[in-house]
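K.L.:
One structure is given below, represented as structure tokens, and several questions about it will come after.
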Amino acid sequence: MNLTILIIEPNDAVRNLLAKNFTDQFAAKVLTASDLSSAKTEFDKEFVQIIILRNKSESEELSRDFLSYLYDKGLKTPTIILGEIESSTQSHITVLTKFRIEEINRLVLKSLGLKKEDFEHVKLPSYIPYPISFFHLIRYFPVDIYILLSKKSGDEYIKRFQEGENFTKDDLTKYESMGLKVFYINKEDNHLFMNVFAIQTVAELKKSKDITSAITNLEDTFTISQNMLTQLGISEDVVYLTDESIKYMQNLLTKNDKVAQMLKDILSNQLSFSYKRSYLVSLFGTLLLPKLEFGSAEQKELYISKFVMVSFFHDLFLEDEKLLKVNNFDEFSKLKKELSKYEIDLIETHANKMSNLLLQYPKLPSGIDVLVKQHHGTSNGIGFPESFSNSISPMAITFIVIEDFVTQLILKNDLKQIPSILYILKDRYTLPSYKKTVQELFNLFKNPAKPEN
Ligand SMILES: [Fe+2]
Ligand SMILES: [Fe+2]
């Protein structure tokens, strides 16, 4: 069964995600288009069996125009519309308001009168690569591990470790120092591997002896689950690992009341900028949110966990530290000339992209996707606003102020600079809704006087 699918979707991340899904699931030939004219060209080029079209407020005209293009041609190609649409009494159009990959796949089969079994021959490649860094937190191999030898006669996968074999971090470093970046796993073992991997990683994490080693161990789990989310997509095991890391962080934050010591530890430790910032943003969220009236005392745990999740997810598409440090319109304008077109685009769209990816995340508390989208102050998650406004969610506002504070603190890496950072914030955030958070930061640090210079 050869399937040709046309995806019309302006958002790169969503389009790539859908395309990957259709090639993985159905070995489909996927045509993609991001605007009306390319959609027409792609559609006319081949015999398209089914169309996936997303109707969002920004792309409303695109979907309406494409549907009338089909209508004018007198065609009734099965079309799945993701999103709301005014009227769709036509039988070849199916509307799906919830963005769920499994549901989309089910509808594709249903619309074409096909069964899942028709695609059973479609399989993943025989060996699946995993970066060696993924193995840093586990102590034995749950499945056989292969390495790839490229020979003139072709690629050959050689078994390196037996299922059940123990190893140390040093063993891995040895391979890494030889320039090896990935291990391979037989595709048949993949599900088992992911499953055991996630469980083992979490178990190792929970063995941490003291708070300092817990914070360091969490960095690995945190980074690995973040990488898995962007590189492998959302699967049951990745979700398990992610949820556990977030829960664990929240636990560490609420268990420890020695804030000053924790701040010192984090700042002086050899941790990545990204992890330090997520951790400290969560820490200050935990301290300030209860004072900012985000809900009743019973709701406290829920709104704090939302905040921690936003700090985990919001910048996943920015891997480069240079890009992670850009926090507002002025900083972005200044840095722009040093950035490639790709980097500029990535910074401009990362909030929107991540928010879209989260639409697939199971059982995510409501509003996380919106907070992620608004974390730089625009309501559509594109770019930075020239001046801050009230038109975003109050929690996003608090997030912006806290992230600004934490970013400056990490860059200055000196607790004595806190008063001067606070006064920078005071000048920068003049709207009452933003000032509230700035004021709570002042209170937390006992309202320091303005430094002389
Ligand atoms: Fe950020
Ligand atoms: Fe960001």
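K.L.:
Tell me which of ALA203, PRO129, GLY179 sits at the most positive position along the dipole axis of the stretch 125-204, charges placed on C-beta atoms (Lys, Arg +1; Asp, Glu -1).
P.N.:
Farthest towards the positive pole: GLY179.
K.L.:
Per the Kirkwood definition applied to all pairs of different Cα atoms, how many angstroms is the hydrodynamic radius of the chain?
P.N.:
Evaluated on the chain, it is 24.5 Å.
K.L.:
Run lengths n ≥ 4 of DSSP H only: what is the helix-derived mean residue ellipticity at 222 nm for the chain, with -39500 (n - 2.57) per run over all residues, to the nearest 500?
P.N.:
Numbers: 18 runs with 236 residues, N = 453.
Calculated at 222 nm, the ellipticity per residue is -16500 deg cm²/dmol.
K.L.:
May I pose another question? For a label point 7 angstrom out from the Cα of ALA27 toward its Cβ, which stretches of the stretch 157-195 have the backbone nitrogen within less than 14 Å?
P.N.:
none
K.L.:
Sticking with this structure for a sec: Quick check for me: using +1 on Lys/Arg Cβ and -1 on Asp/Glu Cβ, what's the dipole size of the chain about its Cα centre, in debye to the nearest 20? Could the numbers behind the result be given before it?
P.N.:
Details: 55 positive and 60 negative charges, 136 e Å.
Using Cβ point charges on Lys, Arg, Asp and Glu, the chain gives about 660 debye.
K.L.:
Can you work out D for the stretch 301-346 in µm² s⁻¹ from Stokes-Einstein, where Rh is the Kirkwood radius over C-alpha pairs, the temperature is 4 °C and the viscosity is 1.567 mPa s?
P.N.:
Working: Rh = 12.1 Å.
Result for D is 107 µm²/s.
K.L.:
Only Lys, Arg, Asp and Glu count, each charged at its Cβ (+1, +1, -1, -1), so figure out the dipole size of the stretch 283-333 about its Cα centre, rounded to 20 debye.
P.N.:
My answer is approximately 200 debye.
K.L.:
Distances longer than 33 Å among the Cα atoms of the stretch 208-444: what percent of all pairs is that?
P.N.:
11 percent
K.L.:
In nanometres, what is the gap between the two model label sites at LEU411 and ASP170, each 7 Å from Cα along Cα-to-Cβ?
P.N.:
With each label point 7 Å from Cα toward Cβ, the separation is 4.1 nm.
K.L.:
At 0.36 nm per residue, minus the direct Cα-Cα distance, what do THR430 and ASP210 gain on full extension? Give it in nm, one decimal, please. Spell out each step's value before the answer.
P.N.:
Details: separation 220, 0.36 × 220 = 79.20 nm, distance 4.13 nm.
That pair, THR430 and ASP210, stretches by 75.1 nm at full extension.
K.L.:
Something else now. Can you bin every Cα-Cα distance in the stretch 125-204 into 10 Å intervals starting at zero and give me the percent of pairs per bin, rounded to whole numbers?
P.N.:
All Cα pairs, binned at 10 Å, distribute as 18, 54, 24, 3, 0 percent.
K.L.:
Here's something else I'd like to know. Which ³J(HN,Hα) values in Hz, rounded to whole numbers, follow from the phi angles of the stretch 60-71 under the Karplus curve 6.51 cos²θ - 1.76 cosθ + 1.60, where θ = phi - 60° and Gly and Pro get x?
P.N.:
Computed from phi, the couplings for the stretch 60-71 are 4, 5, 4, 5, 4, 5, 6, 5, 6, 4, 4, 4 Hz.
K.L.:
In addition: When the Karplus curve 6.51 cos²θ - 1.76 cosθ + 1.60 is applied with θ = phi - 60°, which whole-Hz ³J(HN,Hα) does each residue of the stretch 138-154 get, with x for Gly and Pro?
P.N.:
10, 10, 9, 8, x, 9, 5, 10, 10, 10, 9, 10, 8, 10, 4, 6, x
K.L.:
Would you mind calculating the gained length between HIS92 and LYS300 on full extension (0.36 nm times residue separation, minus the Cα-Cα distance), in nm to one decimal?
P.N.:
Fully extending the segment from HIS92 to LYS300 adds 70.2 nm.
K.L.:
Taking amide H positions as placed in the peptide plane 1.01 Å from N, state which residues far from ARG100 in sequence (5 or more) or on other chains have amide H under 5 Å from it.
P.N.:
Amide H to amide H, under 5 Å and 5 or more residues apart or across chains, ARG100 pairs with nothing.
K.L.:
Among THR94, LEU75, VAL406, whose Cα projects farthest towards the positive end of the dipole of the chain, with charges put on the beta-carbon of Lys, Arg (+1) and Asp, Glu (-1)?
P.N.:
Highest projection toward the positive end goes to VAL406.
K.L.:
For the stretch 216-261, which trypsin sites (Lys or Arg not before Pro) are both in a DSSP coil and crowded by at most 16 other Cβ atoms within 10 Å?
P.N.:
LYS258
K.L.:
Loop only by DSSP, 11 or fewer other Cβ within 10 Å of the Cβ. Give me the chymotrypsin sites (Phe, Trp or Tyr not before Pro) in the stretch 25-104 that pass, ordered by residue number.
P.N.:
Those that pass, being in a loop and sparsely packed, are PHE47.
K.L.:
What Kirkwood radius, in Å to one decimal, follows from the Cα pairs of the stretch 4-119?
P.N.:
Every distinct Cα pair counted, the radius reaches 14.1 Å.
K.L.:
Within the stretch 183-245, list the trypsin sites (Lys or Arg not before Pro) lying in a DSSP loop whose Cβ has at most 13 other Cβ atoms in a 10 Å radius.
P.N.:
LYS207, LYS209
K.L.:
A further question on this structure: Name the residue from ALA351, LEU323, SER420 whose Cα lies farthest towards the positive end of the charge dipole of the stretch 208-444, charges +1 on Cβ of Lys and Arg and -1 on Cβ of Asp and Glu.
P.N.:
SER420
K.L.:
Dipole of the stretch 144-282, Cα-centred, from +1 at each Lys and Arg C-beta and -1 at each Asp and Glu C-beta, to the nearest 20 debye?
P.N.:
Once rounded to the nearest 20, the dipole reads 520 debye.
None of the figures in this text is laboratory data; all of them are computed from the coordinates on show. Keep in mind the model is a prediction, meaning the values are calculated, not measured. Ideal geometry is used to build each Cβ from the backbone, glycine not excepted, and the neighbour counts take in all protein chains shown.
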